[in-house]
Amino acid sequence: MIEINFIIDYHIHSTFSHDGKSSIEEICSAAIRKKIDEICFTEHISATHASPCCHNLNMEEYSKEIERCKDLFQEILIIKKGIELGEPHLNSQELIQYTSDKTLDFVLGSIHFIDDIDLVCFADDKNLEESYIAYFEEVYNSVSEGDFDVLGHFDLLKRYAFDLHGKYKHGDLEELIHEILRKASQRNIGIEINTSGFRSSSLEIFPSQLILQDYIELGGEIITVGSDSHTAETVGNNIPPVYLMLKQLGFKHVYTFDKRNPAGIKI
Ligand SMILES: [Zn+2]
Ligand SMILES: [Zn+2]
């Protein structure tokens, strides 16, 4: 049996996010019950003005609650304070207040909106090819210009477009995907393995294994793993099998972050 030494969950939303259902304390207690070693909260902030999470995170209260839970659970659970920054390449002047915060451990960069349209309905009036090209081009813009540490749910569009169009063919978009990975590697931006895909119709992690293979071939190393939980019940879900998959692909570490500095944990 392969032993899993140190379980992390680096994508969690509490009630500090508009769509989070559990408190920070409830999530920490669940993580301890599930024998998770380190968690990072990634509360929503968005640069898209049409988004419900545009600047609605109360950083002061969020920081206080993180500090209170760190004291409460010290020596049982490592707790980190992060944000999930939607559309991190847009309105950069507005985002500096968050990204320059020296107490922040981790910034996950994600695309949830394109041209003010929610990804949930972005593919509705487009065919498969148009949808994915536009989506990956926006991801490319984010890794080219955004200030963040790790790219969240790389091929998220498949969560919403799967029922309409099915899965994209990696071969058709290979070059664009490769350019995203190359740019991310150049700028020291890591890739997240997001296990919430197992909860969507595509039944696949974000990103697919073909993208991870390309990333490792390019010399990419920085990987975080997250459940994208919005309730305490799903914290840590499907993370041990992802560690095994990463080992099989040849990855040696998963990464944690402290004040936005990455540190590899041997897997
Ligand atoms: Zn997200
Ligand atoms: Zn999220």
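The values are calculated or read from the model by the stated rules, or taken from the named source; none is laboratory data. Here the structure is a predicted model, which means the values were calculated and not measured. Cβ sites come from the backbone with ideal geometry, for glycine too, and all protein chains shown count toward neighbours.
Of the residues SER196, SER208, SER201, which is within 24 Å of LEU90 (Cβ to Cβ) and among the hydroxyl-bearing types (Ser, Thr, Tyr)? Let's see the steps before the verdict.
Details: SER208 fails: within 24 Å of LEU90 (Cβ to Cβ); SER201 fails: within 24 Å of LEU90 (Cβ to Cβ).
Result: SER196 is the single residue among SER196, SER208, SER201 that is within 24 Å of LEU90 (Cβ to Cβ) and among the hydroxyl-bearing types (Ser, Thr, Tyr).
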*Can you tell me which residues in region 214-234 are within 16 Å of ligand 1 (Cβ to nearest atom) and part of a loop (DSSP other than H, G, I, E, B)?*
SER227, ASP228, HIS230, THR231
*Please enumerate the residues belonging to region 52-89 that are within 22 Å of LEU151 (Cβ to Cβ) and not in a loop (DSSP other than H, G, I, E, B).*
LYS80, LYS81, GLY82, ILE83, GLU84, LEU85, GLY86
*For the subset of region 2-36 comprising residues that are crowded, with 18+ Cβ neighbours inside 10 Å and in a loop (DSSP other than H, G, I, E, B), which member is farthest from ligand 2 (Cβ to nearest atom)?*
ILE7
_Yes/no for GLY264 being closer than 26 Å to ASP101 by Cβ, more than 16 Å from ligand 1 (Cβ to nearest atom) and either touching a helix residue (DSSP H, G or I) at 6+ places or on another chain (Cβ under 8 Å) or modelled with pLDDT of 95 or more (or both)_ = yes
*Of the conditions (1) within 13 Å of ligand 1 (Cβ to nearest atom); (2) modelled with pLDDT under 95; (3) part of a helix (DSSP H, G or I), ASP155 fails just one. Which one is it?*
(3)
*Out of all the residues in region 8-20, is one or more more than 16 Å from ligand 1 (Cβ to nearest atom), in contact (Cβ under 8 Å) with a residue 12 or more places away in the chain and either under 23 Å from PHE206 (Cβ atoms) or out of contact with any Leu (no Cβ under 9 Å at 6 or more places or on another chain) (or both)?*
yes
*When you go through LYS102, LYS80 one by one, which is the residue that is touching a strand residue (DSSP E or B) at 6+ places or on another chain (Cβ under 6 Å), closer than 25 Å to ASP9 by Cα, away from ligand 1 (no atom under 16 Å from the Cβ) and at pLDDT 95 or above?*
LYS80
*For region 216-266, how many residues are among the small types (Gly, Ala, Ser), crowded, with 20+ Cβ neighbours inside 10 Å, more than 19 Å from GLY109 (Cβ to Cβ) and touching a strand residue (DSSP E or B) at 6+ places or on another chain (Cβ under 8 Å)?*
1
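Conditions tested, residue by residue: (1) at positive phi; (2) part of a helix (DSSP H, G or I).
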position: TYR160; (1), (2): no, yes
position: GLU174; (1), (2): no, yes
position: ILE177; (1), (2): no, yes
position: LEU181; (1), (2): no, yes
position: SER185; (1), (2): no, yes
position: ILE191; (1), (2): no, no
position: LEU203; (1), (2): yes, no
